[in-house]
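Working notes, beginning with the structure itself.
Each value in this text was obtained by applying a stated rule to the coordinates, not by laboratory testing. Note that this is a predicted model, so its numbers are computed, not measured. Ideal geometry is used to build each Cβ from the backbone, glycine not excepted, and the neighbour counts take in all protein chains shown.
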Amino acid sequence: MAALSEGAPAGFAAPALGRNRVAVVLLAAAAVLTVAQYGGLLPAALHRVPESAVPPFAPMLDAAFNFVKDDLGLLALTRWLTEGLQWVLDVTANLLFGKRRWPNLGPIPWTAIAAVAGVVGYYLGGWRLALLGAGVFIWTALIGQWKDAMETMSVLVVAAPLAFAIGLGLGILAWKHRAVDAALRPILSALQTLPFFTYLLPAVIFFKVGPTAGAVATTIYAIPPMILMTTLGLQKVPAEVVEAGEMSGATRWQLLRHVYLPSARTEILVGVNQVIMLCLAMVVLTAFIGMPGLGAKLLSMMGSFKLGRSFEIGITIVLLAVMLDRMSKAWVVKQPVHHEKGTSWWRCHIHLVVGTVLFAAFCVLGQFVEVATEIGRRQSFSQGKLIDTWIKSFLAIDAVQAVTGFLRAFVNVQILIPFRNFLLSIPTPAFILAVMAFAMWLGGRRQAIVAGVFFGLVALSGWWDRSVITLYSVLSAVAIAALIGLPLAIAASRSERWSRRILLACDTAQTFPSFVYLIPAIMLFGITDIAVIFSILIFAMVPLIRYTVEGLRTVPAEMTEAADMAGATAMQKLWKVQLPLALPTMAVGFNQALMFAFFMVIIAAFIGTQDLGQELQRTLAGTDLGKNFVLGLCVALMALTFDLVILKWAKDRKRALGLD
Amino acid sequence: MTDQSVIAARNVWKLFGPDPKGYLAGMEAGRSFDAIRADGYIAGVKDVSIEVARGEILVIMGLSGSGKSTLVRCFSRLHEVSGGTVSIEGTDIGALSERDLIELRRSKMGMVFQSFGLLPHRTVLENVAFPLEMRGQDRHARRERALEVVKLVGLEGREDYFPRELSGGQQQRVGIARSLAIEPDIWFLDEPFSALDPLIRREMQDEFLRLQRMLSKTIVFITHDFDEALRLADRIAIMKDGGVEQCATPDEIVLNPATPYVAKFTEDVDKARVVHAGSLARRDLTGEGVPVDAKASVQDLARMLVQDARAAIPVTRNGAPIGAMPRDEALDILVGGT
């Protein structure tokens, strides 16, 4: 914490002098407490909250859950819902990978699906998307992962529409009724910071292990952005369009159906894009609760250190992500075009016709040619073993080994571990005071109080040390990410072409499900602390670079021109004009990097950590719902603190600069 | 309220703020715009009483923020008024239920918007048919009618285009067609041509006059362009800070501006083009010789005024004499005197 606040340039955040003074006082108090602790003067009760003082949150939550679950009959309700969902999932499972359930038609031949994907791609974005659509499915089939991929897809095609419908409905309600909006907002921000393990356990308890729980967790995870985008889109419908609807004599329902929703199409489709991407990210992660599919396969391959196969699965996941992202984004920008008069029905619906014909043709073909339906284990082109040997021989090159060895030895031993030990050595109250000082300095009094309360709750949870270790991983990863990412972004932002390239790379990287970031980390560093930091680091670097480039590129041209005319050198221009103006946007990126890091650090528990994630993962094996929630809330509270403080600062700063 | 007035506004107020009705009830009369603003309210429309006769074109004119758009939205109850009443053909629309209000809009009112307000996902034809669809007309009938109106505004052949495939002028033609689809009696136009290029604007004004000659609707037309107002209006209401400064015929406004604010507007106007023989004619005078028509502007009569020697020239309206116009007064206007 202290390291972080010292790192930021002090000049930019001094709206009120009094605020800074309070922050310094808080920080000084924290320092005094820490020094006292080092001198052995601090009573043990002030160092860590004593065990006896920790309120039994977990049993209390457990009791509350049990009450809701059994006494209020929620379990009966969810089990009832489960049956409906189970039925739908069975249908998609049958169609996509031939699970023996009604309607017993499947599996649909992979060639048919690839053909339809190609036609859909062509309809949405021409030849390139057609190639991408068909290509991804062909690759998946040829590499021998068709069944796993379809297991994943069978949940996705249920969860995504469900999340869309619920999100749209809640978004409309939140837009119509202020009260709903006010009630939803805090829940949404909490949901967005809650670690995904916390979604998983309740899902398992209420919806049984397997695809149903996976689908539920995935759905819930993907709802918040849909709500936000719906509300945003509806608010942005131009007043005149609405008035035109009213003057046309539209009733409220007609207005919503024919005027508001179609006019908010763009935002709603952006929401759809986000729903799909989040669903994919989450559905892969449901491997942790035993849902079969690509995620489960990846988990088991990484577990047994089969890097070649992991790598291939990683590529499949990434390709699926890129395809879904590109297609849904192409849908966002696709505008209706009129047909000339007298165009026949066939020509107007050419894509539909061709898609149907191809689908039918390949289904028929599949009846006669087995390879067109399914590619067996021995027929696939998987090169797992070969890639394994490549990776191992690459890692065995002396130079590579020297670099990874250096990173492990120097960075880990000399920097990271001492930093961690330092954080752990700070007495709890001093730590909280330091966080409050940080919040005071950047945000203000309200933020400082909230930060104090949030971290105080973490202290009382009884998981302080693990929380601090989590925080340590997050902070060090983001700090290193900033060290690498910021210069890179600044350099890239100097040219139009490089900015575009790097933004494209970031956009693409952002669509990758977080899980795949573990693959390179494990490949390079094995099962070590450094691998954890590395996976968080690359994941968090993406928003950091992205927002920095965007912030710098969107500095108004008149301002940089004014600087040029004032005779500023490139350096002066950067420091005096561009960076100060880009800083609010960069702060948003920094905040997102932190949120991503909090997310990733939990997943990294898979590699083996000593933080909250590890404990969380352990709870998944049992039914320890109370503990699961306490741990999840610890992560969420820490993440929310940063979120509140940094976003407040960015907002204030934007307003002060008149960039709103 | 008189028999033939279609729209009648009585002491209409529209305040924006936390509790407009409560504030208005406790407010003393004659409070100024700035005083109201100091109290935390914005007076969008301030104590306006105005009537629009059947078949008349009333142009509401004012700078941006003067409340003209707000006023016209009070006429159609797109805004709920904070005080006073608005009656359409004798019915207080403030008292209508939602269903009756929708019925009124479906049968009697059409409106054209500054930024067109077209639905981006619908074709020209579907946009035009939109009010008919809301009304629940069947597909065939609404297609028939929509085609008819699209033809009326000269967009034949573009029926299947989407709004973004059209130019600004064409988009506004769609807006006009849509507002006419239900054959409304009352036509509201909120700065319909402001977003268009000057050349197109002129063309659209001609188009508008052509349509009005064919359809003779009761029209409330909003503009911030005084020339446009003079060109189109039967009567002009000039607004400032939510209140109406003067409401009169163009001739009257140019000849006798009621306030310094109105006078400032009329300063640079070529009066000869605005003032008509009819408004200069005096009942007590009688002239000799060939009469002139009341609808002729001073500029139309320029040559004759200069060459003629009569002191008073008789004026007729629709063939009947209404008095005579003093020639020197007309000449004063022609040469720019007062």
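Things worth noting here:
- 0 to 90° range, to nearest 10: angle between helix A:307-333 axis and chain A longest Cα axis: 80 degrees
- Shielding by partners for peptide A:235-247, expressed as the average number of C-beta atoms from other protein chains within 10 Å of each residue's C-beta, is 6.
- Using the average count of surrounding beta-carbon atoms within 10 Å as a protection proxy, the listed peptides A:602-613, B:135-146 rank, highest first, as A:602-613, B:135-146.
- The HN-Hα couplings worked out from phi for the stretch B:271-277 by the Karplus form 6.51 cos²θ - 1.76 cosθ + 1.60 (θ = phi - 60°) are 4, 4, 7, 8, 7, 9, 4 Hz, whole numbers, x standing for Gly and Pro.
- Shielding by partners - mean other protein chain Cβ count within 10 Å, residues of A:250-261: 3
- Residues with amide H under 5 Å from that of A:Leu42, placed H, sequence gap 5 or more: A:Gln37
- Estimated distance in nm for a label pair at A:Met565 and A:Ser344, the labels positioned 7 Å out from Cα along Cα-to-Cβ: 6.3 nm
- The simple spin-label model puts a point 7 Å past each Cα toward its Cβ; for A:Arg178 and B:Thr316 those points are separated by 6.6 nm.
- Qualifying aspartates and glutamates (Cα of each under 16 Å from Cα of B:Lys151; at least 8 residues distant if same chain): B:Glu126, B:Glu159, B:Asp160, B:Glu183, B:Glu207
- Rg and Dmax of the stretch B:272-335, both derived from C-alpha coordinates alone, stand at 10.1, 29 Å.
- Legend: distances between Cα atoms for A:Lys334/A:Lys654; A:Lys147/A:Lys208; A:Lys176/B:Lys14; A:Lys334/B:Lys68; pairs beyond 28 Å are A:Lys334/A:Lys654; A:Lys334/B:Lys68.
- Taking other residues whose beta carbon is less than 14 angstrom from the beta carbon of B:Leu96, and scoring Lys, Arg as +1 and Asp, Glu as -1, yields -2.
- Pairs exceeding a 25 Å alpha-carbon distance, out of B:Lys217/B:Lys240; A:Lys236/A:Lys329; A:Lys576/A:Lys651: B:Lys217/B:Lys240.
- Counting neighbouring beta carbons within 10 Å and listing from fewest to most, the residues A:Phe599, A:Phe394 come out as A:Phe394, A:Phe599.
- Helix A:178-193 axis, angle to chain A major axis (alpha carbon atoms, nearest 10°): 80 degrees
- Distances between placed amide hydrogens fall under 5 Å for B:Tyr161 paired with B:Val124, B:Leu125, all partners being 5 or more residues away or on another chain.
- Note on A:Phe422 and A:Lys385: with the Förster distance fixed at 41 Å, the Cβ-Cβ geometry gives a FRET efficiency of about 0.35.
- Whichever aspartates and glutamates have a C-alpha closer than 14 Å to that of A:Lys385, once near sequence neighbours (fewer than 8 apart) are set aside: A:Glu312
- Cα gyration tensor shape of chain B, rounded if a/c is under 1.5, else prolate or oblate by comparing a/b with b/c: oblate
- Against chain A, whose longest principal axis comes from its Cα atoms, helix A:196-207 is set at around 50 degrees.
- Take each residue in B:113-122, count the other chain C-beta atoms within 10 Å of its C-beta, and the mean is 6.
- Convex hull (Cα only) mean projected area of the protein assembly as shown, reported in nm² to one decimal: 53.5 nm²
- HN-Hα J in Hz across the stretch B:319-327 - Karplus 6.51, -1.76, 1.60, θ = phi - 60°, x for Gly and Pro: x, 8, x, 10, x, 9, 10, x, 5
- Helical runs assigned H by DSSP (4 residues or longer) give chain A a calculated mean residue ellipticity at 222 nm of -25000 deg cm²/dmol, each run adding -39500 (n - 2.57) before division by the residue total.
- Annotation: amide H of B:Arg282 within the under-5 Å range of B:Ala324, B:Met325, sequence separation 5 or more or interchain, hydrogens built in the peptide plane.
- Extension gain, A:Leu460 back to A:Ala409 (0.36 nm per residue minus Cα-Cα distance, nm): 14.8 nm
- Peptides A:132-140, B:36-44, ordered by how many other C-beta atoms sit within 10 Å of their residues on average, highest first, read A:132-140, B:36-44.
- Label-point gap, in nm, between A:Arg185 and A:Asn104 - each point 7 angstrom along Cα→Cβ: 5.5 nm
- Environment charge at A:Arg445 (Cβ cut-off 12 Å; Lys +1, Arg +1, Asp -1, Glu -1): +3
- Protection proxy ranking of A:578-589, A:516-527 - average other beta-carbon atoms within 10 Å, highest first: A:578-589, A:516-527
- Packing-based exposure ordering (other Cβ within 10 Å, fewest first) of B:Phe221, A:Phe512, B:Phe16: B:Phe16, A:Phe512, B:Phe221
- Expressed as a fraction of 2.2 N^0.38 Å, the value expected for a compact globular protein of N residues, the C-alpha radius of gyration of the stretch B:96-233 is 1.02.
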